[in-house]
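Engineer: Sending over a structure as structure tokens; questions will come in a sec.
The values are calculated or read from the model by the stated rules, or taken from the named source; none is laboratory data. In this text, all values refer to a predicted model and were calculated from it rather than measured experimentally. Note: ideal-geometry Cβ built from the backbone for every residue, glycine included; neighbour counts use all protein chains shown. Protein only, heavy atoms only, side chains kept; ligands, DNA and RNA dropped before computing areas. Shrake-Rupley method; radii C 1.70, N 1.55, O 1.52, S 1.80 Å.
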Amino acid sequence: TDAAAGARLWLRLYVPLHLALLLAGGWAAHRAGDWGTLLGVALLVGFVTGSQGISYAHELGHSRRRGDRLLAWLLMTSVGYPQFMVEHYRGHHPRAATLDDPASARRGESLWRFLPRTLWGSAAHAVELERRRLAARGAGVARWLRSPLVAAWLLICFACVALLALEAMKIVAFWFVQGTFAVFLLETVNYIEHYGLLRRTGPDGRPQPFGVAHAWNADPAMTNLLLANLQRHSDHHLHAGKPFAALEDLPGPRLPTGYAGCLLLAVLPPLWFALMHPRLDAIGRSGPG
């Protein structure tokens, strides 16, 4: 539709702005007189690259257009997290709200316990998924050099080494901090999206089909605008290729606030548990505690 095409164009137009922001932030960090200023600049830029950049990369990565997916790879590489481009679409979506998914938080698991599990588990599974893909094509070791995941990691390493050789340590520090903060925002949102929700396993060992009860939803207009309707998460999982502008606020588990408020709640586990566990008990979909 015209609305969906216009929305997708908006995402594409963001990409040069994202790259310009990184360049401007890196230059400001390079000229910063102290490390405190550098840290402040990096966190401000990371807030944008994490909230807008990763949200828009996520949407572009679901596109059937190769050019859109390439832009998504570029955005995720710019925050040092290209493994998302493998694990999210081929790992998280089939396994969301199961114990096999490192990006689905379990009941009673704090954000601070979840983060190391999802960071390691997502990277390891991305490598395994890529290994299977290449093996299915009869690829040998040399074929790994044609893997977009390996290419993205090599690009990151090359850029860091080149900047260090140019004695641009502050730019490397800026890039690392903004990327770390951006990924922290991403994985905190992952923590929120399926917290404690569990798809039951059938007699055949397979999880039940994904339903509206397997994702938390919220619908504040402002955060929907900023996050490309990511908070309408049940509809997104049920119809992964659906343009974000067409996603609906389906009935199902409701968060106490939008994602912005839940980000603040999640960093305080006792408060998060106090608000979320009664909701889990009420819908009867909680995982093992």
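Engineer: Does segment 223-289 come out rounded, prolate or oblate, given a ≥ b ≥ c as the square roots of the eigenvalues of its C-alpha gyration tensor, rounded meaning a/c under 1.5 and, failing that, prolate meaning a/b above b/c? Numbers along the way, then the final one.
Structural biologist: On the way: a/c = 2.75, a/b = 1.52, b/c = 1.81.
Oblate shape, in that a/c is at least 1.5 and b/c is the bigger or equal ratio.
Engineer: Got a sec to turn the phi values of segment 251-262 into Karplus ³J(HN,Hα) couplings, 6.51 cos²θ - 1.76 cosθ + 1.60 with θ = phi - 60°, whole Hz, x for Gly and Pro?
Structural biologist: x, x, x, 10, 6, x, 9, x, 4, 4, x, 5
Engineer: Right, next: For segment 65-199, what is the convex hull (Cα atoms) projected area averaged across all directions, in square nanometres? The partial results should precede the final answer.
Structural biologist: Numbers: hull surface 38.1 nm².
With the hull built on Cα positions only, its mean projection is 9.5 nm².
Engineer: Order the peptides 204-211, 103-110 from the highest to the lowest mean number of other Cβ atoms within 10 Å of their residues.
Structural biologist: On the way: 204-211: 12.1, 103-110: 21.4.
Going from most to least packed, we get 103-110, 204-211.
Engineer: Starting at the first residue of segment 73-79, write each ³J(HN,Hα) from the Karplus equation 6.51 cos²θ - 1.76 cosθ + 1.60 with θ = phi - 60°, in whole Hz, x for Gly and Pro.
Structural biologist: Each residue's phi maps through the Karplus curve to give 4, 4, 5, 6, 5, 5, 10 Hz.
Engineer: If you look at just the Cα atoms of segment 204-256, how large are its Rg and its Dmax in Å?
Structural biologist: 11.8, 43
Engineer: What base-10 log of the normalised intensity I(q)/I(0) is obtained for segment 136-219 from the Debye formula, alpha carbons as equal point scatterers, at q = 0.16, 0.25, 0.27 Å⁻¹?
Structural biologist: Here the Debye-derived log intensity ratios amount to -0.90, -1.12, -1.21.
Engineer: Note the per residue figure in Å³ for the convex hull of the C-alpha positions in the chain. Present the calculation step by step, with values, prior to reporting the outcome.
Structural biologist: Values: hull volume 40.7 nm³, N = 289.
Convex hull of Cα atoms, per residue: 141 Å³.
Engineer: Next question, about the same structure. So who's got an amide H within less than 5 Å of the one on R254, skipping anything under 5 residues away but keeping other chains? H placed 1.01 Å off N, in plane.
Structural biologist: N217
Engineer: How big is Rg to Rh over segment 25-91, alpha-carbon atoms, Rh as the Kirkwood inverse-mean-distance radius? Intermediate results must be reported in sequence, preceding the final value.
Structural biologist: On the way: Rg = 14.4 Å, Rh = 12.9 Å.
Ratio of gyration radius to Kirkwood radius for segment 25-91: 1.11.
Engineer: Working from the pairwise distances between different alpha carbons, so that the mean of 1/r is found and then inverted, what is segment 1-59's Kirkwood radius in Å? Don't skip to the end; give the middle numbers.
Structural biologist: Details: mean 1/r = 0.0792 Å⁻¹.
So the Kirkwood estimate lands at 12.6 Å.
Engineer: Just order 166-173, 39-46 by mean Cβ neighbour count inside 10 Å, highest at the front, would you? Spell out each step's value before the answer.
Structural biologist: On the way: 166-173: 16.0, 39-46: 20.0.
Those peptides, ordered most packed to least, come out 39-46, 166-173.
Engineer: Over all pairs of distinct alpha carbons, what does the Kirkwood formula give as the hydrodynamic radius of segment 98-177, in Å?
Structural biologist: Numbers: mean 1/r = 0.0650 Å⁻¹.
Computed over segment 98-177, the radius equals 15.4 Å.
Engineer: Let me ask something else about it. Write down the Kirkwood hydrodynamic radius of segment 1-148, to one decimal in angstroms, obtained as one divided by the mean of 1/r over all alpha carbon pairs. If you can, show how the numbers build up before the last one.
Structural biologist: Details: mean 1/r = 0.0575 Å⁻¹.
In segment 1-148 this quantity evaluates to 17.4 Å.
Engineer: Please compute the per residue accessible area over segment 1-130 with all protein chains in place, 1.4 Å probe, rounded to a whole number of Å².
Structural biologist: 45 Å²
Engineer: Something else about it: Using only the Cα atoms of segment 175-289, what semi-axes does the equivalent ellipsoid have when each is the square root of 5 times a gyration tensor eigenvalue? Give whole Å, largest first.
Structural biologist: Three semi-axes, in Å: 23, 19, 15.
Engineer: Taking all protein chains as present, what is the carbon and sulfur share of the accessible area of the chain, in % to the nearest whole number, probe 1.4 Å? Please report the intermediate quantities before stating the final value.
Structural biologist: On the way: 9390 of 13860 Å².
Ligands and nucleic acids excluded, carbon and sulfur give 68 percent.
Engineer: In whole Hz and in residue order, list the ³J(HN,Hα) couplings for segment 23-28 that follow from phi through the Karplus curve 6.51 cos²θ - 1.76 cosθ + 1.60, θ = phi - 60°; x for Gly and Pro.
Structural biologist: These are the phi-based 3J(HN,Hα) values: 5, 5, x, x, 5, 5 Hz.
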